[in-house]
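Below is one structure, written out as structure tokens; comments come after it.
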Amino acid sequence: MITYDELHTQNHTITELSNVLLYLFKERSMCDTGTCCELFYRYTNKVKEHIDLVDTNLYSKLLTHHDHDIQDMARNFMSGSQEIKRIMAAYTKEWCPKKKADTLAIAEHDRFLKESEEMFEMVLHRIQDETEKLYPLVREISGNKQHVA
């Protein structure tokens, strides 16, 4: 069973990694370090794991609810999940060549930094929406204040 505390812990870890990476990415020389690359890959894996966990465990009750607004919210979150995955895949393809799995490919640091900031902001906005909208709604509908599923 997944608990809300586990989801919040995942969100905290993703937020922390976002903040550290943004700080490191601002310094061009840090982008090529093994440590920075390891943190970046850890970040992308954590985001994917979290989205998959939320997608698998939170929407079924919302999608079958009699209130169409609740169903729409679930569909919007699901659509947002797909968009985040699409953007992260394009970002990773651009900046993280598979041939060099232990490096980032930063030829244009300014563009890399701008795209990174946008991606991190999008994920952090999603986390905030989950915390403020999705989790409270699922708690209310399920009646379970501790466990998601």
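The values are calculated or read from the model by the stated rules, or taken from the named source; none is laboratory data. A quick note: this is a predicted structure, and the numbers were derived from the prediction, not measured. Positions of Cβ are backbone-derived with ideal geometry, glycine not excepted, and every protein chain shown enters the neighbour counts. For the accessible areas, the whole protein counts, side chains as well, though only heavy atoms, and no ligand, DNA or RNA atoms are used. Shrake-Rupley method; radii C 1.70, N 1.55, O 1.52, S 1.80 Å.
Find the residue count for region 77-88, including only residues that are among the aliphatic types (A, V, I, L, M), within 27 Å of L104 (Cβ to Cβ) and open to solvent by 30 Å² or more (accessible area, probe 1.4 Å). Give the steps one after another, and end with the answer.
Taking region 77-88 and keeping what is among the aliphatic types (A, V, I, L, M), we get 78, 84, 87-88.
Now narrow it down to the ones that are within 27 Å of L104 (Cβ to Cβ): 84, 87-88.
Cutting the leftovers down to open to solvent by 30 Å² or more (accessible area, probe 1.4 Å) gives us 87.
Counting residues in region 77-88 that are among the aliphatic types (A, V, I, L, M), within 27 Å of L104 (Cβ to Cβ) and open to solvent by 30 Å² or more (accessible area, probe 1.4 Å) gives 1.
If R126 satisfies all but one of (1) modelled with pLDDT of 95 or more; (2) within 18 Å of V20 (Cβ to Cβ); (3) open to solvent by less than 50 Å² (accessible area, probe 1.4 Å), what's the number of the condition it fails?
Every condition holds for R126 apart from (2).
Would you check which residues across region 1-31 are closer than 18 Å to K114 by Cβ, part of a loop (DSSP other than H, G, I, E, B) and open to solvent by 30 Å² or more (accessible area, probe 1.4 Å) and list them?
Residues satisfying the conditions are K26, E27.
Suppose we keep only residues that are free of Cβ contacts under 8 Å to residues at least 40 places away in the same chain and over 11 Å from Y4 (Cβ atoms) within region 133-149. Which one would you say is surrounded by the fewest Cβ atoms within 10 Å (Cβ to Cβ)?
G143
From the set of residues in region 32-76 that are within 16 Å of E140 (Cβ to Cβ) and β-branched (V, I, T), which is surrounded by the most Cβ atoms within 10 Å (Cβ to Cβ)?
I70
Take region 126-149 and flag every residue that is over 16 Å from A74 (Cα atoms) and under 13 Å from the mean Cα position of the chain (by Cα).
Listed by number, the list is empty, since nothing qualifies.
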